[in-house]
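Here the structure comes first, spelled out in structure tokens, and everything after it is commentary.
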Protein chains: 2
Amino acid sequence: MRGDPVRGHLDGLLLAALEDGPLHGYAIITAVQQRSAGTLELRTGTVYPALNRLERAGLLRSSWESVGERRRRCYALTDAGRRALADERTAWREFTSAIGSVLDPARAPRPAT
Amino acid sequence: MRGDPVRGHLDGLLLAALEDGPLHGYAIITAVQQRSAGTLELRTGTVYPALNRLERAGLLRSSWESVGERRRRCYALTDAGRRALADERTAWREFTSAIGSVLDPARAPRPAT
DNA sequence: ACCTACATATTGGCTACCAATACATAGCAC
DNA sequence: GTGCTATGTATTGGTAGCCAATATGTAGGT
């Protein structure tokens, strides 16, 4: 699955990937891929601008790290980021519930009309 | 919830709304809204072009209906439409599973690494 | 006369993705 | 010593698929 159907849910994925501790962009991409059993393949052209945006929004804080001659930009959740992650999870549940009740009414029954 | 987060899942919603029998566009919009407990408010600018596209794709068949002086365009699923609906449901389950396992790993555990 | 509900359709705009590209370090294979 | 792959960050241009707004018309209520 490419990132396209992910539209609108990317921020939650990135925030969730950082919940257990700071990671750099490339590691976030592989973490998301692994956690989703290889299903979600985010692109750098999607992820890096998004991380930048989340930092500008105050949800992430970044710092440069050096490994030998290589440099990495490490992102960590801020307190606001943790709150935003909680909000994303709530929104996700509402979203899946809404779509699910239309797509699969038998699995998410409404009260009898 | 506006239709924007629905991006990429609209076709499934429309097909699902038609599963129990033919409906016209306006009725589809209200059906989706009711089934989702008022959460999903699709717009005519979203729905009518989508119905048109689904008909061109052979997933729907439309016919004009008259109620007094009013005219309605009634859409019904074709066989290909039913198959597409089944595919949309499969895709939806894969999608929610993938996002869910990243967003809420505790709720969708992976095998221990 | 005016408002709301019902009903279909089109226009223009924007957002958030994508693919492609660029650049650099590092290690392995041949 | 050349090339391939993995690691790592970043930007560019394109586009799909939503949105809001608008247009048009019937029907019924106040």
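Each value in this text was obtained by applying a stated rule to the coordinates, not by laboratory testing. All values derive from a computational prediction rather than experimental measurement. Cβ atoms come from the backbone with ideal geometry, glycine included; neighbour counts cover every protein chain shown.
Rule-of-thumb check for the protein assembly as shown: C-alpha Rg over 2.2 N^0.38 Å? Kindly include the intermediate steps, with their values, before the conclusion.
Values: Rg = 20.7 Å, N = 226, 2.2 N^0.38 = 17.3 Å.
Cα-based Rg divided by the globular estimate yields 1.20.
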Part-to-part distance (alpha-carbon centres) for region B:5-53 and region A:81-99, which is given in Å: 22 Å
Please report the base-10 log of the normalised intensity I(q)/I(0) for chain B, using a Debye sum with one equal scatterer per alpha carbon and no solvent, at each q in 0.09, 0.15, 0.16 (1/Å). -0.29, -0.70, -0.78
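When you look at the Cβ of every residue in A:12-22, what mean number of other chain Cβ atoms sits within 10 Å? Let's see the in-between values first.
On the way: counts 4, 4, 1, 1, 6, 3, 0, 2, 1, 0, 0.
Mean partner shielding for this stretch: 2.
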Once the Cα atoms of helix B:79-103 and of chain B are each reduced to a long axis, what angle between those two axes, in degrees from 0 to 90 to the nearest 10, is obtained? 30 degrees
For A:TYR48, place a label point 7 Å out from Cα along the Cα→Cβ vector, do the same in each other copy, and report the separations in nm, one decimal, smallest first. 4.3
If contacts are Cα pairs under 8 angstrom and at least 6 residues apart, what is the relative contact order of chain A in percent? 26 percent
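Counting other Cβ atoms within 10 Å, which trypsin sites (Lys or Arg not before Pro) in region B:1-66 have at most 16 and lie in a DSSP loop?
On the way: sites: B:ARG2, B:ARG7, B:ARG35, B:ARG43, B:ARG53, B:ARG56, B:ARG61; in loops: B:ARG2, B:ARG7, B:ARG43.
Here the sparse-neighbourhood loop sites are B:ARG2, B:ARG7, B:ARG43.
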Put the label 7 Å from Cα along Cα→Cβ for B:GLU65; what are its distances to the other copies, in nanometres, shortest first? 6.0
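For chain B, what does the helix formula give at 222 nm: sum of -39500 (n - 2.57) over DSSP H segments with n ≥ 4, over the residue count, nearest 500 deg cm²/dmol? Show your work: numbers first, answer last.
Numbers: 4 runs with 57 residues, N = 113.
The helix-only estimate for chain B comes to -16500 deg cm²/dmol at 222 nm.
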Extension length gain for B:GLU41 and B:ARG56 (0.36 nm per residue less Cα distance), in nm, is 3.0 nm
